[in-house]
Every structure is written in C-alpha cells, then in structure tokens.
Amino acid sequence: MLEAISSTAISAGHAASRATEAQAVSPAATAPVQAGDDVGFESVMKQVTTDAIGTLKAGEAASISAMQGKESTRKVVEALMSAEQALQTAVAVRDKVVQAYQEVVRMSI
C-alpha cells in the first residue's frame, strides 16, 4: 500500500513538474514586443513574483480543500509540488540578485 502511494506521489510530482515547465512559457513571453511596452527588469520581476505568489496560494488552497475532503490527493500533491518549485525558483533568483549586488558593492570605483 505504501509503495503504491509513494509511486503515485512520485508520478504526480513528475506530472506537476512537466505542467509547470509547460506553463513557464507564457503567451506574453512569446508575443512580439510592441513599441511602448514596458519590458524591463522591474516588470519581469513583478510578473515572476506575482506568478510565484499565485502558485503558492493555489497550493495552500488545495491543502485546505484536501483537509475538508473536497480535493483529491493527486491534485493536492500536484499543487504542492508546483508551489515548492515556485518557491525554490524564487529563492534561487533572490540568491543570485544578492550575489550580484554584493559583487557590485565590492567593485572599486
């Protein structure tokens, strides 16, 4: 029984990972840039942050629904795996930004 549950969780995690990768390329990312569009570092970071927060909220909502008996285990695992991946991505981006800032601070003028 435990082996069946763990294999289901693993395959659900892989499915969530593939779904997240498929969603990573949004239509906005593939659309041509129009004149006057605000495509700067700030707008990209805002969009990534907003998406990550939405994913985390969806994972939390799925967990609450599961506790109430309204959501299947598979959907909860998929939502939580997606939320975990979004959180890991946000932490990695934060670490790179801090590292770049520290490198700039150490530069001599």
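Some observations on this one:
- Segment 81-109, residues that are free of Cβ contacts under 8 Å to residues at least 24 places away in the same chain and among the aliphatic types (A, V, I, L, M): VAL91, ALA92, VAL97, VAL98, ALA100, VAL104, VAL105, MET107, ILE109
- Residue within segment 77-100 that is exposed (fewer than 13 other Cβ atoms within 10 Å of the Cβ), part of a loop (DSSP other than H, G, I, E, B) and among the charged types (D, E, K, R) present: no
- Single condition ALA4 does not satisfy, out of (1) surrounded by fewer than 13 Cβ atoms within 10 Å (Cβ to Cβ); (2) modelled with pLDDT of 90 or more: (2)
- Pairs, first farther than 18 Å from VAL93 by Cβ in segment 43-61, second assigned to a helix (DSSP H, G or I) and of a type in the set (D, E, K, R), C-beta under 8 Å, six or more apart: GLY59/GLU84
The values are calculated or read from the model by the stated rules, or taken from the named source; none is laboratory data. Values in this document were obtained by computation on a predicted structure and should not be read as measured data. Neighbour counts are summed over all protein chains in view; Cβ atoms, including those assigned to glycine, are modelled from backbone coordinates with ideal geometry.
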